[in-house]
Amino acid sequence: MANSDPDKLIAKADKLTRLSLTRWSADWRNATALYEQAAIAYRLAKKYDKAKDTFEKASRGQEMLSSPWDAAKHMESAAALAKDLGNWNEVADLYKRASELYIESGRAQPASDALAKGARALEDALPDEAIRLYTDACETLEDDGKEQMAFDLYRAATNVYVKLEKYADAATFLLRWALAADKCNATHSQCKAYLSAIIVYLYAHDFQQAEKCHNDCCQVEAFLNSDQNRAATRLLSAYTDGDVEEIKRAAQSSIISNLDHVVSPIFHMNISIKKKTFDSD
């Protein structure tokens, strides 16, 4: 049927948005409905490149109709198709635009979610861009006073930093997580993040920075009196003494074993490295 031909739907929609001697104003309402129909038809036909472009047009139409929420949804659809096509730079741009539109709608959580979707899609292809998107996603929730909703994002960003062997950046992000946890009175998460930062420095063979980080964290009363601090103190003492067996025993404690999956495994891997170092020393 002619009405279901997406090419013809787009041609009709484009005509409705063009001004002429007989059309003094664009008919965005009808044009947008046609773009939406065409985008869905292209997607069903697995013509993903055309579907992506048409969802972008539908998003623009919803913007013209002062509906940023619907515009954001269409932009997310375009971003998902860009991911399927492997257009990684477009993935970043489209998810960022979707996030901006959600912000216009006054919805911080979906705005952050859109950035996080983009970040997850880019972790392997563009890891540095993924980190930027995770960071922006965290900031979106922080600005809205919803730090606790960002905990998974702090964890994900830390994971990417560790994969890139950017350990100082990973530790810094963990400290940022601790600060966010403090703001929402999540003391246990705060202390775990502090301990994790110390462990990341140890993994990076930066004992001096690990010790400094520990001293700074001990200025926070909640950490000073915590099980996580006792575990950190035990670890640092064992590293100072070069006592590999004591490091192993510390690593097997529930305090460290129950840390987030990003940090606990790298610490366990580091034990064998440290053993070689201590033996050679």
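Applying the criterion of at least 2 residues that are in contact with a Ser or Thr (Cβ under 9 Å, 6 or more places away or on another chain) and surrounded by 23 or more Cβ atoms within 10 Å (Cβ to Cβ) to the helices (runs of 4 or more DSSP H) found wholly in region 181-233 leaves 187-203.
Look through Asp128, Asp152 and report the one residue that is within 10 Å of the chain's Cα centre (by Cα), among the charged types (D, E, K, R) and open to solvent by 20 Å² or more (accessible area, probe 1.4 Å).
Step by step, each of Asp128, Asp152 is checked, and only Asp152 is within 10 Å of the chain's Cα centre (by Cα), among the charged types (D, E, K, R) and open to solvent by 20 Å² or more (accessible area, probe 1.4 Å).
Residues that are closer than 30 Å to Asn159 by Cβ and over 23 Å from the mean Cα position of the chain (by Cα) occur at least once in region 37-48.
Of all residues in region 167-180, exactly one satisfies the criterion of being crowded, with 19+ Cβ neighbours inside 10 Å, over 16 Å from the mean Cα position of the chain (by Cα) and farther than 20 Å from Ile255 by Cα, namely Tyr167.
Filtered by the rule that a residue be surrounded by 24 or more Cβ atoms within 10 Å (Cβ to Cβ) and aromatic (Phe, Trp, Tyr), region 45-85 gives a lone residue, Phe55. Here Gly106 passes the criteria (1) assigned to a helix (DSSP H, G or I); (2) under 25 Å from Gly145 (Cα atoms) except the one numbered (1).
Within region 151-175, count every residue that is part of a helix (DSSP H, G or I), under 16 Å from Ala119 (Cβ atoms) and not hydroxyl-bearing (Ser, Thr, Tyr).
So the first thing to find is which residues in region 151-175 are part of a helix (DSSP H, G or I), and the list is 151-163, 167-175.
After this cut, where a residue has to be under 16 Å from Ala119 (Cβ atoms) as well, the list is 151-163, 169-170, 173.
Subsequent filtering for residues that are not hydroxyl-bearing (Ser, Thr, Tyr) retains 151-153, 155-157, 159-160, 162-163, 169-170, 173.
Matching residues across region 151-175 total 13.
Filtering region 99-109 for residues that are open to solvent by 10 Å² or more (accessible area, probe 1.4 Å) and in contact with a His (Cβ under 7 Å, 6 or more places away or on another chain) leaves an empty set.
If a residue must be loosely packed, with under 15 Cβ neighbours inside 10 Å, at pLDDT below 65 and charged (D, E, K, R), how many such residues does region 234-281 contain? Of the residues in region 234-281, 3 are loosely packed, with under 15 Cβ neighbours inside 10 Å, at pLDDT below 65 and charged (D, E, K, R).
The values are calculated or read from the model by the stated rules, or taken from the named source; none is laboratory data. The structure displayed is predicted, hence computed values, not measured ones. Note that each Cβ is placed from the backbone with ideal geometry, even for glycine, and that neighbours are counted across all protein chains shown. When the accessible area is computed, the model is the full protein with side chains, heavy atoms only, and any ligands, DNA or RNA have been set aside. Shrake-Rupley method; radii C 1.70, N 1.55, O 1.52, S 1.80 Å.
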